Amino acid sequence: VFPIKEATTFSSARLDHKISDKHSLVLRFGYNPSDITGIQVESQNQSLGQNDFSRTGRQTLRDTTFVSTLTSTLSNSVVNEARFQFAQRRATFTSQNGQGTAYNISGVAFIGRELFSPVIRTENRYQYTDNVSWVWGNHTMKFGGDANFISVSADFELNFAGLFNFG
């Protein structure tokens, strides 16, 4: 029996601004932190309930987004919508024990460092979207494009701590 804790918050802010009769701007920002401790895993044939607190994991997520949208009325029948988005996810999974070696004592206990940690990952997304809507008689046509650039930086130091198995 050991403490398990989860704390997640969702927050966002939005600003709408009418630039002129033909142009409007929307800005949106979001930040969502999440922390979880006491995560038991079943790696290395571990049985749930036999993990020591030192063998559990901690997960930390930080999601940040920023979106801006410019809507422009080009004529009575044509509207353009341009959108830019930046989003970042920082995710880490670490052991409660941090450093050290892991010990598996089959049927008794699993103690020491969580073997499948740390995992540290940062994802950045840059997205640009532009759409044009055209009304022609009873028909509405929409066309446009979407470009994404996603960069990922990741460290996976799995099983570097050492493991001793006792049958």
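The values are calculated or read from the model by the stated rules, or taken from the named source; none is laboratory data. Everything numeric in this text was worked out from a predicted model, so none of it was measured. Virtual Cβ from ideal backbone geometry, glycine too; neighbours counted across all protein chains shown. Accessible surface is based on the protein model in full, side chains and every heavy atom, while ligands, DNA and RNA are left aside. Shrake-Rupley method; radii C 1.70, N 1.55, O 1.52, S 1.80 Å.
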message = Quick check on my filter: what residues within segment 108-147 are surrounded by fewer than 13 Cβ atoms within 10 Å (Cβ to Cβ) and under 30 Å from Ser75 (Cβ atoms)?
response = Trp136, Gly137, Asn138, His139, Thr140, Met141, Lys142, Phe143, Gly145, Asp146, Ala147
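Residue by residue, here is whether (1) loosely packed, with under 15 Cβ neighbours inside 10 Å; (2) at pLDDT below 95; (3) more than 22 Å from the chain's Cα centre (by Cα); (4) over 26 Å from Asp35 (Cβ atoms) holds:
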position: Thr64; (1), (2), (3), (4): no, no, no, no
position: Phe86; (1), (2), (3), (4): yes, no, no, no
position: Gly98; (1), (2), (3), (4): yes, yes, yes, no
position: Ser106; (1), (2), (3), (4): yes, yes, yes, yes
position: Phe149; (1), (2), (3), (4): yes, no, no, yes
position: Asp155; (1), (2), (3), (4): yes, yes, no, no
position: Leu158; (1), (2), (3), (4): yes, yes, no, no
position: Phe166; (1), (2), (3), (4): yes, yes, yes, yes
task = For segment 104-145, enumerate the residues that are within 26 Å of Gly57 (Cβ to Cβ), assigned to a strand (DSSP E or B) and of a type in the set (A, V, I, L, M).
result = Ile105, Ala109, Ile111, Val119, Ile120
ask   = Does Ser95 meet the test of being without any contact (Cβ under 8 Å) to a residue 24 or more places away in the chain and either of a type outside the set (A, V, I, L, M) or in contact with a Lys or Arg (Cβ under 9 Å, 6 or more places away or on another chain) (or both)?
value = no
ask   = What is the one condition in (1) in contact with a His (Cβ under 7 Å, 6 or more places away or on another chain); (2) under 30 Å from Phe166 (Cβ atoms) that Arg58 does not satisfy?
value = (1)
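So which of Asp130, Asp155, Asp146 ends up being free of Cβ contacts under 8 Å to residues at least 60 places away in the same chain, out of contact with any Cys (no Cβ under 9 Å at 6 or more places or on another chain), more than 26 Å from His23 (Cβ to Cβ) and among the acidic types (Asp, Glu)?
Working: Asp130 fails: more than 26 Å from His23 (Cβ to Cβ); Asp146 fails: more than 26 Å from His23 (Cβ to Cβ).
Step by step, each of Asp130, Asp155, Asp146 is checked, and only Asp155 is free of Cβ contacts under 8 Å to residues at least 60 places away in the same chain, out of contact with any Cys (no Cβ under 9 Å at 6 or more places or on another chain), more than 26 Å from His23 (Cβ to Cβ) and among the acidic types (Asp, Glu).
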request  = Specify which of the listed residues (Asn165, Asn148) is within 30 Å of Leu25 (Cα to Cα) and not in a loop (DSSP other than H, G, I, E, B).
outcome  = Asn148
note = Subset of segment 27-36, residues over 21 Å from Thr71 (Cα atoms) and open to solvent by 50 Å² or more (accessible area, probe 1.4 Å), comes to Tyr31, Asp35
ask   = Which of the residues belonging to segment 112-134 are at pLDDT below 95 and more than 17 Å from the chain's Cα centre (by Cα)?
value = Gly112, Arg113, Glu114, Leu115, Phe116, Ser117
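For the condition at pLDDT 95 or above, assigned to a strand (DSSP E or B) and surrounded by 14 or more Cβ atoms within 10 Å (Cβ to Cβ), what is the one hit in Ser24, Ser12? Before the answer, list the steps.
Working: Ser12 fails: surrounded by 14 or more Cβ atoms within 10 Å (Cβ to Cβ).
Just one listed residue meets the conditions, Ser24.
Conditions tested, residue by residue: (1) among the acidic types (Asp, Glu); (2) at negative phi; (3) in contact with a Phe, Trp or Tyr (Cβ under 9 Å, 6 or more places away or on another chain).
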{"residue": "Gly57", "(1), (2), (3)": "no, yes, yes"}
{"residue": "Thr60", "(1), (2), (3)": "no, yes, yes"}
{"residue": "Ser68", "(1), (2), (3)": "no, yes, yes"}
{"residue": "Thr71", "(1), (2), (3)": "no, yes, no"}
{"residue": "Arg83", "(1), (2), (3)": "no, yes, yes"}
{"residue": "Arg90", "(1), (2), (3)": "no, yes, no"}
{"residue": "Ala102", "(1), (2), (3)": "no, yes, yes"}
{"residue": "Gly107", "(1), (2), (3)": "no, no, no"}
